[in-house]
Amino acid sequence: MTTDLYSEWLNEVFSKRHGAMFNQPALLLVDQAHSHKAEVKNMKNVTTVFIPGGCTPILQPLDVSINKPFKVHVKECWNNFMELPEDQHKFTPSGKRQRVSSNSKTTQLHN
């Protein structure tokens, strides 16, 4: 997450939530990520609260139980793909590696 992407999310998603149409107060609860330090601009009735450091396992269980293992799995698949010998990669006519298909050997290693 970058500061620019977070700002875009604030403006394109969060600011258009149902309650915003009626100027209802909102609480924006975010973690301590650097990108989340961006100020909530041009939004009325929004209070931003930061989750204290070290509380992610308690307050953000999906980050611990789903997101983290998923990211580890994706990184492992990527590393396995990149470590394949050159003769096992398929290339485009211009010499770039072709995308991995859903039934590739790399994907099948982890199923």
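The values are calculated or read from the model by the stated rules, or taken from the named source; none is laboratory data. Model, not experiment: these values are computed from the prediction. Note that each Cβ is placed from the backbone with ideal geometry, even for glycine, and that neighbours are counted across all protein chains shown.
Could you tell me whether Leu62 is part of a helix (DSSP H, G or I), surrounded by 13 or more Cβ atoms within 10 Å (Cβ to Cβ) and out of contact with any helix residue (DSSP H, G or I) (no Cβ under 7 Å at 6 or more places or on another chain)?
no
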Residue within segment 22-45 that is in a helix (DSSP H, G or I), over 20 Å from the mean Cα position of the chain (by Cα) and not small (Gly, Ala, Ser) present: yes
For Ser94: the one exception among (1) modelled with pLDDT of 85 or more; (2) assigned to a helix (DSSP H, G or I); (3) not acidic (Asp, Glu): (2)
Qualifying residue in segment 70-89 (condition: more than 24 Å from Leu5 (Cα to Cα) and either touching a residue at least 60 places away in the same chain (Cβ under 8 Å) or in contact with a strand residue (DSSP E or B) (Cβ under 6 Å, 6 or more places away or on another chain) (or both)): yes
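Listed here are the residues, each with its yes/no results for (1) farther than 25 Å from Arg99 by Cβ; (2) at pLDDT 85 or above.
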site	(1), (2)
Thr2	no, yes
Tyr6	yes, yes
Ser15	yes, no
Leu28	yes, yes
Pro57	yes, no
Pro69	no, yes
Whichever residue in segment 36-55 is closer than 12 Å to Ala26 by Cα and modelled with pLDDT under 75 and, among such residues, is surrounded by the fewest Cβ atoms within 10 Å (Cβ to Cβ): Met43
